[in-house]
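Every number in this text was worked out from the coordinates using simple rules, so none of it is lab data. As the structure is a prediction and not an experimental result, all values here were calculated from the model. Cβ sites come from the backbone with ideal geometry, for glycine too, and all protein chains shown count toward neighbours.
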Amino acid sequence: MTGVDTIARIRFEHHQNGKGIKRIARELGIARDTVRKVLRSNATVFAYKREVQPQPKLGTFVAVLTAILEAEARLPRRERRSTQRLFEELRGRGYEGAHDSVHRFVKT
């Protein structure tokens, strides 16, 4: 992701100092396409989000995790299991993926 300060620097170098896209990209260590995208738009923040998050290892456990989350949705927040506890339960059922995958699934 390109920060606001980097975007400002790209625009400054191009418009004020007259530097070319290739030179700016080389000096800042970013892709030329990124420099082009910044110069062509008026946006101050660029964010990339995947449309579909691949879940190869979590895939077979999605149904189990969804059932647990739906059952616990009615409980008060303090009585719900944390993502770490959910991860440990899935591990007990044979899940071999990472905690981060479980955390991202619960977060969405």
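Given contacts defined as C-alpha pairs under 8 Å and at least six residues apart, what's the relative contact order of the chain, whole-number percent?
Once normalised by length, the contact order is 23 percent.
Compute the signed sum of charges (Lys and Arg +1, Asp and Glu -1) over the other residues within less than 14 Å, Cβ to Cβ, of Leu69.
Counting the neighbours of Leu69, the net charge comes to +3.
Restricting to DSSP loop positions (anything but H, G, I, E, B) with no more than 15 other Cβ atoms inside 10 Å of their own Cβ, which chymotrypsin sites (Phe, Trp or Tyr not before Pro) remain in region 1-104?
Listed in order of number, the matching sites are Phe46, Tyr48.
About the Cα centre, and with charges only on the beta carbon of Lys, Arg (+1) and Asp, Glu (-1), how big is the dipole of the chain? Nearest 20 debye, please.
440 debye
Please get the size of the charge dipole for region 59-107, origin at its Cα centre, with Cβ charges of +1 on Lys and Arg and -1 on Asp and Glu, quoted in debye to the nearest 20.
With Lys and Arg at +1 and Asp and Glu at -1, about 220 debye.
Just in region 4-65: which GluC sites (Glu not before Pro) are loop by DSSP and have at most 16 other Cβ atoms within 10 Å?
Sites meeting the loop and neighbour criteria: Glu51.
May I ask you to list the GluC sites (Glu not before Pro) in region 54-108 that are in a DSSP loop and have at most 15 other Cβ atoms within 10 Å of their Cβ?
Glu96
For Lys49, which lysines qualify as cross-link partners when the Cα separation must be under 25 Å and same-chain residues fewer than eight apart are set aside?
Cross-link targets: Lys37, Lys57, Lys107.
Computed from the mean reciprocal separation of all distinct C-alpha pairs, what Kirkwood hydrodynamic radius does the chain have, in Å?
17.5 Å
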